[in-house]
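Structure first, commentary second.
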Amino acid sequence: MSDINIATRREFLTRGMGVVGVGSALPNFLIRSALAGPKAEPDQRVVVILQLDGGNDSLNTLIPHGHKEYHEYRKVATRIPEKEVIKLDEELGLHPNLKGWKELLDEGLFSAVQGVGYPNSNFSHFESTNIWMMGDTRGRKLPYGWVGRACDVGFADNPDPKLTVAVGPNNGAALALRGARHSGILVDRPDSFGYGGAENDEQSAAYRKLNEAGNQTAAGELEWVTRTAITANSAADEIRRLGTAYKPKVKYPDTSYGRHLQAIAGLITGGLSTRIYWTSRSGRLEFDTHSSQRPRHDNLLKELDAAVPAFFQDLKQQGQAERVLLFTISEFGRTAKENGNKGTDHAAAAAQFLFGPGVKPGIHGTHPGLGPDELIPTGSSLKFATDFRSVYATVLEKWLEIPSEPVLGQKWPLVDCLA
């Protein structure tokens with residue numbers, strides 16, 4: 001029995017072994033048959049979190065074209081000309097590459113929350129990402145992420161490892177998904193998802209033996225470890241099967257966002273029991289546009305504009321759209337004033353975007369304002385008007401029906417952005 005020396009469930013999880021990849025170390029006489037995870041209920045609600053890694057320039061996404069300061073602060077290098085803005089009203093409009101988002105708005109499937117942030121903003125990518133992942137300004141001082149805590153609270157009696165699944169690069173997802181009982185599953189590509197990356201025959205055979213083992217039992221914590229390992233590896237099989245078999249109803253763009261959202265649509269449509277999905281663009285800090293911003297940011301928004309509408313069109317044709325909510329997160333915004341390198345720098349507040357039949361379409365929250373007295377004096381940063389934990393609390397309470405206070409540490413005011 002010396003193959004595994006783990007004293008507690010918490011140690012098992014915090015050592016990162018709560019997902020696929022531990023089974024082959026278990027002695028054969030301890031292995032029991034795989035535990036089948038539950039299928040999703042037909043009306044079971046799902047959340048998809050779309051990370052804009054690097055700090056999205058929401059001023060060039062949801063453009064305050066009616067504010068004269070925008071045109072003064074943003075010179076030729078970063079400004080979207082007035083005539084190109086997709087105007088929503090006399091104050092705000094969308095980037096010209098977001099025509100698909102405007103169509104979603106017209107269909108009642110798009111909303112935005114302005115000025116989202118938190119007090120005393122941290123402008124380090126890594127520290128601020130940690131804060132958003134943990135749902136707390138203490139960041140990594142906490143042991144578990146906000147998504148993991150949400151599952152621990154909302155699904156305390158459900159050991160299913162598939163409750164949270166991250167598709168794509170791990171740009172902080174592992175932190176957010178980590179819980180005391182639920183660790184989540186991280187996978188780059190569901191169609192090629194193997195047993196912890198095992199592709200050779202020897203490793204695959206070992207995991208098959210794990211999943212096909214007999215009914216011998218083990219006692220106490222080691223039995224729990226065994227069950228968790230087997231369940232995780234069974235989940236790997238299911239994810240790979242669904243990812244390989246999925247036939248979308250629409251053509252997705254051949255981009256990172258397109259591939260990841262198509263994969264998630266396949267898992268949702270296939271009946272995977274996952275309640276919270278996470279995804280990000282392949283690469284790191286793609287939205288960190290300190291220089292030559294226009295061509296880079298324009299292209300990123302073009303990719304999002306193709307992928308998100310395709311995702312919801314596909315889900316609608318599959319009969320799944322009504323139960324899915326997608327929302328964006330980004331660790332901070334960008335400065336109101338452009339810098340000397342044709343870009344923008346880190347700043348406090350930014351807009352968040354929500355998509356799906358469950359949203360209240362339109363623009364919500366208060367615009368922080370761009371006047372000299374309205375910006376944070378240092379760095380031309382927008383002041384936050386809505387705490388990001390209020391958005392989290394709204395999603396938890398109104399969409400997933402999970403009490404937010406035990407997850408987020410206090411009662412945050414809800415945002416009127418969901419029906």
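Take the conditions part of a loop (DSSP other than H, G, I, E, B), under 26 Å from Gly283 (Cα atoms), of a type outside the set (Asp, Glu) and at pLDDT below 85 and apply them to Gly54. Does it pass? Explain how you work it out, then say what you get.
On the way: part of a loop (DSSP other than H, G, I, E, B): yes; under 26 Å from Gly283 (Cα atoms): yes; of a type outside the set (Asp, Glu): yes; at pLDDT below 85: no.
Taking the combined requirement at face value, the residue does not satisfy it.
Kindly indicate whether His260 is within 30 Å of Ala347 (Cα to Cα), in contact with a strand residue (DSSP E or B) (Cβ under 8 Å, 6 or more places away or on another chain), at pLDDT 95 or above and part of a helix (DSSP H, G or I). Steps first, please.
Working: within 30 Å of Ala347 (Cα to Cα): yes; in contact with a strand residue (DSSP E or B) (Cβ under 8 Å, 6 or more places away or on another chain): yes; at pLDDT 95 or above: yes; part of a helix (DSSP H, G or I): yes.
So His260 fits the description; yes.
Got at least one residue in segment 385-397 being over 23 Å from Arg149 (Cα atoms) and at pLDDT 95 or above?
yes
Just need a number here: residues in segment 288-299 that are surrounded by fewer than 22 Cβ atoms within 10 Å (Cβ to Cβ) and under 30 Å from Gly358 (Cα atoms).
The total comes to 2.
Can we say Gly409 is at pLDDT 95 or above and in contact with a strand residue (DSSP E or B) (Cβ under 7 Å, 6 or more places away or on another chain)? Even if it seems obvious, please write down each step before you answer.
Numbers: at pLDDT 95 or above: yes; in contact with a strand residue (DSSP E or B) (Cβ under 7 Å, 6 or more places away or on another chain): no.
No.
Can you tell me which condition Lys102 does not meet? The list is (1) surrounded by 20 or more Cβ atoms within 10 Å (Cβ to Cβ); (2) of a type outside the set (Asp, Glu); (3) in contact with a strand residue (DSSP E or B) (Cβ under 7 Å, 6 or more places away or on another chain); (4) assigned to a helix (DSSP H, G or I), and all the others hold.
Failed condition: (1).
Please work out which one of (1) among the charged types (D, E, K, R); (2) without any contact (Cβ under 8 Å) to a residue 60 or more places away in the chain; (3) buried (at least 20 other Cβ atoms within 10 Å of the Cβ) is the condition Asp416 fails and give its number.
(3)
Can you name every residue in segment 247-257 that is among the aromatic types (Phe, Trp, Tyr) and either more than 18 Å from Val324 (Cα to Cα) or not in a loop (DSSP other than H, G, I, E, B) (or both)? So that I can check it myself, show each step before the final result.
Initially, segment 247-257 is screened for residues among the aromatic types (Phe, Trp, Tyr), giving 252, 257.
Passing the criteria: only Tyr257.
Search segment 328-375 for residues being closer than 24 Å to Ala310 by Cα and hydroxyl-bearing (Ser, Thr, Tyr), and hand back the single one that is surrounded by the fewest Cβ atoms within 10 Å (Cβ to Cβ).
Looking at the filtered set, the residue picked out is Thr328.
Among the residues of segment 277-287, are any over 17 Å from the mean Cα position of the chain (by Cα), under 24 Å from Asn97 (Cα atoms), among the charged types (D, E, K, R) and modelled with pLDDT of 95 or more? Break it down into steps so the answer makes sense when it comes.
Step one: filter segment 277-287 for residues over 17 Å from the mean Cα position of the chain (by Cα), giving none.
Within segment 277-287, not a single residue is over 17 Å from the mean Cα position of the chain (by Cα), under 24 Å from Asn97 (Cα atoms), among the charged types (D, E, K, R) and modelled with pLDDT of 95 or more.
Residues in segment 316-339 that are closer than 23 Å to Asn97 by Cβ and over 18 Å from the mean Cα position of the chain (by Cα): how many? Spell out how you get there, then give the answer.
At the first step, the residues of segment 316-339 found to be closer than 23 Å to Asn97 by Cβ are 316, 326-339.
Imposing the further condition that a residue be over 18 Å from the mean Cα position of the chain (by Cα) reduces the set to 316, 334-339.
So the answer is 7.
So, of the residues in segment 125-154 that are touching a residue at least 12 places away in the same chain (Cβ under 8 Å) and aliphatic (A, V, I, L, M), which turns out to be farthest from Asp387 (Cα to Cα)? Break it down stepwise before answering.
If we filter segment 125-154 for residues that are touching a residue at least 12 places away in the same chain (Cβ under 8 Å), which is where we start, we get 125, 127-137, 139-140, 143-154.
If we keep only those that are aliphatic (A, V, I, L, M) as well, we get 131, 133-134, 147, 150, 153.
Numbers: Ile131: 12, Met133: 14, Met134: 14, Val147: 17, Ala150: 18, Val153: 22 Å.
Residue satisfying both the conditions and the ranking: Val153.
Starting from residues that are crowded, with 20+ Cβ neighbours inside 10 Å and under 23 Å from the mean Cα position of the chain (by Cα), keep the ones in segment 234-245 and report whichever is modelled with the lowest pLDDT. Full working, then the answer.
As a first pass, look at segment 234-245 and keep what is crowded, with 20+ Cβ neighbours inside 10 Å: 234-236, 238-239, 242-243.
Among the residues that remain, those that are also under 23 Å from the mean Cα position of the chain (by Cα) are: 235-236, 238-239, 242-243.
Values: Ala235: 80, Ala236: 77, Glu238: 87, Ile239: 87, Leu242: 91, Gly243: 85.
Across segment 234-245, the extreme among qualifying residues is Ala236.
Here is a check on your reading of the model: is Lys141 under 21 Å from Leu326 (Cα atoms) and at pLDDT below 95? Lay out the reasoning, then the answer.
Details: under 21 Å from Leu326 (Cα atoms): no; at pLDDT below 95: yes.
When the stated conditions are applied, Lys141 does not pass them.
The values are calculated or read from the model by the stated rules, or taken from the named source; none is laboratory data. Here the structure is a predicted model, which is why all the values come from computation and not from measurement. Glycine gets a Cβ as well: all are built from the backbone with ideal geometry, and neighbour counts include every protein chain shown.
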